[in-house]
Amino acid sequence: MKKRIISKILTLLVIFSMVFTLLPMNNKIVHAGDSKVNIGDYIYLGTYQGKRIKWRCIGEDSNGKLMLSDQILCKKSYDAKYSGYKNHIRAERGSNRWTESALRHWMNSAGEVDWSNRSVPSAANLDGEDAYDEEQGFLSSFTDSELQCVKTVTQKTYLNNLDADKADGGSSKFDFDANGYHRKLFETLAEATDKWYENTTDQFFLIGPEQLLMGTNNIGLDYMAPDDSYWLRLPCNTGQSYENVARSIGANRITHARANNSNHGVRAAFYLDEDQFHGEVIEGGMSSYFKTGKDTNQFKHIGMRAFISNPVYLNKLVKQCSDFQSKWRMITYFHGEHTVYAMGSL
């Protein structure tokens, strides 16, 4: 009996040593001229509030390489109350339509922002602090040459049912569990082919559900759902929710908040013009070991689970990780309401 226990412990130690061997200990810096930006890599572009902005490539789609600010840059409201809104709820709490939001206007303005004939994120119009009506537009955080690296793109943005008459496509509302898990949002997304949307054109923006899923598949939920919350480019459609906006929070959860609430974070995003970028690229390291959660059936073995307190898991771990000649990769997948992190072999 003791020999079996010792054998299992030794096997676990070997597995852990494999993990640390596989995962790079140091980030390598290479010049962009020598290496393109890969998924998981970091770059620096722009300066906000006295600090250089660090971005990470979380995926690639038809618009190119998607860069997300590595950290929450600040806390700001999505919008502000505005008497010019026809709907009385939006007039008091702001709008959850990205096109007319104060945050979008600020993110794509330079210098002194023109707030005429629109919602103004002043202290009097917000629920919370952090007014930004007198702050320079976000584009002022970049030099002219840096802005050349930022593509102007047109992409799909989902609409609240109140704005269905402004849709460029779709026939029903994007209705998801606004107090649920990322997994439930992604399940809704899988059936979102006919949901109301409009095409929006921006340089900087908040990520939408497809981009959140892409980042989750490529980088992992820990990265896409940090402890603090940040806004998503997605309205809440539960009931008469004309002002609530979806936000991502820690522990793999999605919830919502009123658009004029200034207590939630901003994680800006943009698409990189690689032909214009000549800065340094920092290799992302661990990201190259993540695989998409929905493809876990391709793995012969799944072990090194995040939750191994159950003795059954320990036994499975030893059995499933016995083939040390396999090619190991880090994967994430959903198990019930939880996210499981594991080592898998192809």
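Bear in mind these aren't lab numbers, they're just calculated from the coordinates by the rules spelled out. Keep in mind the model is a prediction, meaning the values are calculated, not measured. Glycine also receives a Cβ, built like all others from the backbone with ideal geometry; neighbour counts cover every protein chain displayed.
What ranking of Asp127, Asp165 emerges when the number of other C-beta atoms within 10 Å of each C-beta is taken as an exposure proxy, fewest first? Could the numbers behind the result be given before it?
On the way: Asp127 17, Asp165 7.
With the sparsest Cβ surroundings first, the list reads Asp165, Asp127.
Would you count, across the range 42-282, every pair of lysines whose alpha carbons are under 20 angstrom apart, provided the pair is eight or more residues apart or spans two chains?
Close lysine pairs under the 20 Å cut-off: 16.
Sorted by average packing, counted as other Cβ atoms within 10 angstrom per residue and highest first, what order do 232-242, 154-164 take? Show your work: numbers first, answer last.
Working: 232-242: 21.5, 154-164: 19.8.
So the peptides 232-242, 154-164, ranked by packing, come out 232-242, 154-164.
By the scheme Lys and Arg +1, Asp and Glu -1, what is the net charge of all other residues having a beta-carbon under 10 Å from that of Arg56?
Values: positive: Lys54; negative: Asp41, Asp70.
Result for the neighbourhood of Arg56: -1.
Which of Leu68, Leu126 comes first, and how do the rest follow, when ranked by fewest Cβ neighbours within 10 Å? Display every interim value, and only then the final one.
Working: Leu68 23, Leu126 26.
Sorted ascending by nearby Cβ count, the order is Leu68, Leu126.
When Rg is the radius of gyration of the Cα atoms in the range 42-282 and Rh is its Kirkwood radius, what does Rg/Rh come to?
0.94
Can you tell me what the convex hull of the Cα atoms of the range 96-163 projects to on average, as an area in nm²? Can you show the working numbers first?
Numbers: hull surface 23.7 nm².
The Cα convex hull of the range 96-163, projected and averaged over all directions, gives 5.9 nm².
Within 12 Å, Cβ to Cβ, of Gly137, how many net charges do the neighbouring residues add up to if Lys/Arg are +1 and Asp/Glu are -1?
Working: positive: Arg104; negative: Glu112, Asp114, Asp133, Glu134, Glu135.
That sum, taken over residues with Cβ under 12 Å, equals -4.
Diagonalise the Cα gyration tensor of the range 34-73 and give the resulting equivalent ellipsoid semi-axes, square root of 5 times each eigenvalue, largest first, whole Å. Intermediate results must be reported in sequence, preceding the final value.
On the way: eigenvalues 80, 26, 13 Å².
Whole-Å semi-axes of the equivalent ellipsoid: 20, 11, 8.
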